[in-house]
Amino acid sequence: MSDQRNFNIRGNPFSALLGILITVGVFILLFYLTQFIFKLLWIASPFLLVASLVIDHTVFLGYAKWIGRLLKTRFWVGLGAMALSALLFPLTVLYLFSRSLLNRKVREVRKEAEIRRQGEYADFEIVEEKPLDLPGLEKESRTKKGNDYDRLFDQ
């Protein structure tokens, strides 16, 4: 078997340099785009935190309990998770916000499925009132007594 290699010596010597420059330019563009998005998240993170607490506060409590369990079981891993949560605060808040939205949507879908499966309950039902005419029952006549309490039951 022969190994054939083709080196383009006769071509433009700057083509490799141009490829490297385009790659560096793309990475610089991605860096500035990421920096811009991260700055926007820093500005929006307090609002997202409050919104996630309003939507579903159990997500925040679950995250705090997870960090606490990590600190109890594996202290250094828990400490690292706390440090990364603080350092990447906007991403942590974005995660909590998206998780609370997802939990709310799951609850709504479950509720709709439960309603479809069991039917919807009515708050009240209007029933027409008809007097009952029962044979053989006569109204008891009460004797009037001088007590105010006994007069409450007179009709």
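Working from Cα pairs under 8 Å separated by at least six residues, relative contact order for the range 44-118 is 43 percent.
Subtracting the Cα-Cα distance of Ile20 and Lys65 from 0.36 nm times their residue separation leaves 11.5 nm of extension gain. Rounded to the nearest angstrom and listed largest first, the equivalent-ellipsoid semi-axes of the range 44-118 from its Cα gyration tensor are 29, 16, 8.
Computed from the coordinates by the stated procedures, all read-outs in this text should not be read as laboratory data. Just so it is clear, the structure is predicted and the values come from calculations on it, not from any experiment.
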